[in-house]
Amino acid sequence: MSEHRAAAEVGKGRNAAFWLPLFAAWLLALLATAGALFLGEVMGKTPCVLCWYQRIAMFPLVLVLGVGLFTSDVRSVRYALPLAGVGWSIAAYHVLVYWGVVSKDLVPCGKGPSCADADVQMAGVVPIPLLSLAAFTGILVALWVARARARRAME
């Protein structure tokens, strides 16, 4: 069965199980985007360069996954996975910088806030890079589940 035909079947409601993990991925992306905008625009925390790169990967996920949900299109997972994978990689590197595993000299931050400052903690406890890594991990898991369920529907 072609991927387009499977997408049409999902659209007819034959595979509602695909929709739930896609919705979870979209909701995580939406919350992470809202959180990043809140931290930057309301709380006035200037993002470092690595944070900007993660935002570049996260923000389009809201749109891509939202359109995929609206149209019940299986192919939206294909477009979202690379964005989430790149974002996860940058977030993992950012966490390693924050924990001091990677030297600050290897960080592409240049001018502006440092990736390893103590100021990059939420409520003084959870590092913002770790929150980003958790969000991208959750999105990737949800996308893999959605893809697996869509493939099972094609069989």
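None of the figures in this text is laboratory data; all of them are computed from the coordinates on show. Bear in mind that the values here come from a model prediction, so they are computed numbers and not experimental data. Positions of Cβ are backbone-derived with ideal geometry, glycine not excepted, and every protein chain shown enters the neighbour counts.
Every residue in the range 72-90 that is more than 15 Å from GLY138 (Cβ to Cβ) and in contact with a helix residue (DSSP H, G or I) (Cβ under 7 Å, 6 or more places away or on another chain), please.
Restricting attention to the range 72-90, the residues satisfying the condition of being more than 15 Å from GLY138 (Cβ to Cβ) are 72-76, 78-79, 82, 86, 89-90.
Result: SER72, ASP73, VAL74, ARG75, SER76, TYR79, VAL86, ILE90.
Quickly run through the range 31-74 and pick out the residues that are of a type in the set (Ser, Thr, Tyr) and on the phi > 0 side of the Ramachandran plot.
Kept after step one, since they are of a type in the set (Ser, Thr, Tyr), are these residues of the range 31-74: 33, 46, 53, 71-72.
Result: SER72, single match.
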